[in-house]
1. Provide the convex hull volume over Cα atoms per residue for the stretch 213-258, in Å³.
2. How much mean residue ellipticity at 222 nm does the chain get from its helices, if each DSSP H run of length 4 or more adds -39500 (n - 2.57) and you divide by all residues, to the nearest 500 deg cm²/dmol?
3. Go ahead and set up a Gaussian network model of the chain, Cα springs under 10 Å, then flag whichever of 117, 82, 355 fluctuates most.
4. Given a cut-off of under 8 Å on Cα pairs at least six residues apart, what relative contact order in percent is computed for the chain?
5. Mind checking the angle between helix 348-359 and the chain's longest principal axis? C-alpha axes, 0 to 90 degrees, to the nearest 10.
6. Any idea what angle helix 229-264 forms with the longest principal axis of the chain, computed on alpha-carbon atoms, 0 to 90 degrees, nearest 10?
7. Any idea what angle helix 365-377 forms with the longest principal axis of the chain, computed on alpha-carbon atoms, 0 to 90 degrees, nearest 10?
8. Determine, from the Cβ-Cβ distance of residue 310 and residue 275 and an R0 of 45 Å, the FRET efficiency 1/(1 + (r/R0)^6), rounded to the nearest 0.05.
């Protein structure tokens, strides 16, 4: 596989890296995430102006038609900068679903998303379902020329700042069937929609969203009735691949911070980096970062081919390995920093928090290892 970047990808990478370096130094980050949205709207508008919001959206929907590999390049830099905000929830999940399955009217929303004027949130997870996308108990009942939604979704990323919610609900079949699932576009201020928002440990935000007899029209339906599972699974795989790229960027940031610290911190009159045992630990971190980067690239390139099972295998292999290696790299980085690594004023612990959240988003290492094994057994 060719992992080299094109001229356009290098331009995107350098542009967002420069923007994030100038506008989001770590010293300002805590004040930003302490605000209610957890990010600056000015940053979001700049991402729109730079074309970052338009990058993953297809040409037919008014976007730049970038590949999943292009998104990986961007997410790597977002990880290195510890950027918070609804990029995954609005652009990759919500925007991705509308791009794939929305009708012409619904796709017009993407113009506002690309312009930074409208935000989306994908309401999928439920209590007791674990990471299974098909375990859905929120019900959408046909009622005249529309539907009535009832139930609860949990851990909906950035729901409290979203203008619209894309809700996965059951219109038929049993609770764990892949058939009978439908998607609905529901404005966040619709009567019967209530939220319990909260801050996450990495500075982002989530919310539990309750639907108490929420009435929507036929025009709220995204795609065909009962045929949402494949669309949702692909969108979540895209988001998972992007998170793998973000985690890879975070791992490199941890390695670079640790390497710099080992070069300057002295003990017994010598720099820590001069001790051979610590050099070996740094080499192990370096190799894990390289492997994580390679798997993130492989997962992103898997979307270039029309093979759903190959895509699933590549994404799960990457998420499983990066989750395991990310935990080791984060722990090693903090331990090699000693006491300073445990302080809130130092960035390395915040990187580790974000890695921990990525590990538990859209399936942890164990879940993806089991998914990969099941897919391999079917080959």
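Each value in this text was obtained by applying a stated rule to the coordinates, not by laboratory testing. Owing to the predicted nature of the structure, the values given are computational and were not obtained by experimental measurement. Don't worry about glycine lacking a Cβ; one is built from the backbone with ideal geometry, like all the others, and counts go over all protein chains shown.
1. Cα-based convex hull of the stretch 213-258, divided per residue, equals 116 Å³.
2. Details: 12 runs with 182 residues, N = 379.
Rounded to the nearest 500, the figure is -16000 deg cm²/dmol.
3. For the chain, modelled as a Gaussian network with Cα springs under 10 Å, the answer is 117.
4. Taking the mean separation of contacting Cα pairs over the length of the chain, I get 15 percent.
5. 40
6. Here the helix axis deviates by roughly 20 degrees.
7. That helix lies at roughly 70 degrees to the long axis.
8. E between residue 310 and residue 275, to the nearest 0.05, is 0.55.
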